1. Could I have the simple spin-label model distance between residue 142 and residue 111, label points 7 Å from Cα toward Cβ, reported in nm to one decimal?
2. Which distance in nm do the two modelled labels at residue 197 and residue 405 give, with both placed 7 Å along the Cα-to-Cβ direction?
3. Per residue of the range 94-100, what does 6.51 cos²θ - 1.76 cosθ + 1.60 with θ = phi - 60° give for ³J(HN,Hα)? Whole Hz please, x for Gly and Pro, Karplus curve as stated.
4. Classify the range 307-346: rounded, prolate or oblate, from the alpha-carbon gyration tensor (a ≥ b ≥ c, eigenvalue square roots; a/c under 1.5 rounded; otherwise prolate if a/b is larger than b/c)?
5. Using a 10 angstrom cutoff on alpha carbons, build the Gaussian network for the chain and name the most mobile of 56, 91, 373.
6. What does the charge count around residue 206 come to, taking other residues whose C-beta lies under 15 Å from its C-beta (Lys +1, Arg +1, Asp -1, Glu -1)?
7. Taking 0.36 nm per residue of sequence separation and subtracting the Cα-Cα distance, how much length would be gained by fully extending the chain between residue 311 and residue 296, in nm to one decimal?
8. Between rounded, prolate and oblate, where does the range 276-414 land on the alpha carbon gyration tensor, with a ≥ b ≥ c its root eigenvalues, rounded for a/c under 1.5, else prolate if a/b exceeds b/c?
Amino acid sequence: MKKIMDFMTNKFAPKVNKIVKNPWVASIQDSIMTALPLVFVGSIVTVFSLLNNVFDNLPDFSRISDFSFGMFGLVVSFLISYYLMEKKGNDLKLITGATGLVLFMMLLYPTVTAGGDVTFILERFGATGMFLAIVTGLFVGCVMNFAAKRSFFDEDTPIPDFVVGWFNSLLPITFLLLVGWFITVQLNIDFFEIIIYIFSPLAAIVQSYPGFVLSVFIPAFLYTFGISGWVMMPAIYPVYMAGLAENIQATANGQEATNIATQETIYAFSSLGGIGTTLALAFMMLILSKSAQLKAIGKAVFIPSIFNINEPLMFGAPVAFNPYLMVPMWINEIIVPSIAYFVMSIGVVNIPTQSFLLWYIPYPIASYLATQDWRAIIIAIAIFVVTWIVFLPFFKAYDNSLLKKEAQEAEVGE
């Protein structure tokens, strides 16, 4: 175990942090994080839509979700281009973001009539278009960053900076839009479908049982070594969002939802207390601790854990870099997604078909809201019990070790 800890701390973690700070990766991560409030709005609409089951005369707020969660890909196409230029230290970030947005819309392959009417497929603007948004944003940022280093003017030119910016961006923007025109008009290619096809193997892997379990386990595993689980967002989150978008579209067409691997599934079951399903551990520290250290920590972390904020627990107990508590957390992050996948695959609990990312809602309320199925409450309680059983022997061993240490320190003090 010591060799694993040394390897993760001294070799693996620095390399991961280096990758995360890479402008190309960081621009995707920051873009998704920045655009998340749009998804939150869609989640609030989902919560309000449940009231329609009780009150018949409430207005239909679904259009708000269509233009918040439903425009996620469009917004991300702008933000990736923008953030990439910002991280590269270039001034053309606004026009680059706008160009990313325009090229993204071109590559959505709209239908244009002879009369000039343009028709888009609305679903492509949202989570379904996330992969296209990422590819477009990175491509636009790459071209604009390349062009920004090759100005038509000298540094001491008397021409105003904004005019210099116009001329320097003219050629790369023209080139980018010509690429979009050539693909969609001259070649008559639906590039959106090509991107979906290219990324379909990744989606298929994550939507499988082993892939889903790994998508939950890996962020938790990294978290126990002090690496934020959000580092996996650029790879996993687009798949989750696309899966939910397909579920929404399937149910709208009268079909059954099939994609279990969504962020809503995570928030329904795997995030009790936060990443790592640590709510049971927080309860233990509050009511079972014998050592003074864990008693104090239990009082401090209990309330945040109820609202699924477990940073105080992860780094205060600590769980991170603590073999006593890391191992049961790893075990739980194999068991819990397995339970979630099993109960949804056999129809015990509904597969999510509405956006819900209000992760700070306490459980088991969050389980119901994420699935709109009361049976999810029962499964959430069962998961709490299972994680309690897994954590308990490890927790007792850790608590006893601290108790002995405190007793020894007291003897030395005397």
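1. Roughly 3.3 nm, to one decimal.
2. About 5.8 nm separates the two model spin labels.
3. These are the phi-based 3J(HN,Hα) values: 5, 5, 5, x, 5, 5, x Hz.
4. oblate
5. With Cα springs under 10 Å in the chain, the top fluctuation among 56, 91, 373 is at 56.
6. -2
7. So the chain would gain 3.8 nm between residue 311 and residue 296.
8. Note, shape of the range 276-414 comes out prolate.
The values are calculated or read from the model by the stated rules, or taken from the named source; none is laboratory data. As the structure is a computational prediction, the values presented were derived from the model and not from experiment. Glycine gets a Cβ as well: all are built from the backbone with ideal geometry, and neighbour counts include every protein chain shown. Heads up: the accessible areas ignore ligands, DNA and RNA and are worked out on the full protein's heavy atoms, side chains in. Shrake-Rupley method; radii C 1.70, N 1.55, O 1.52, S 1.80 Å.
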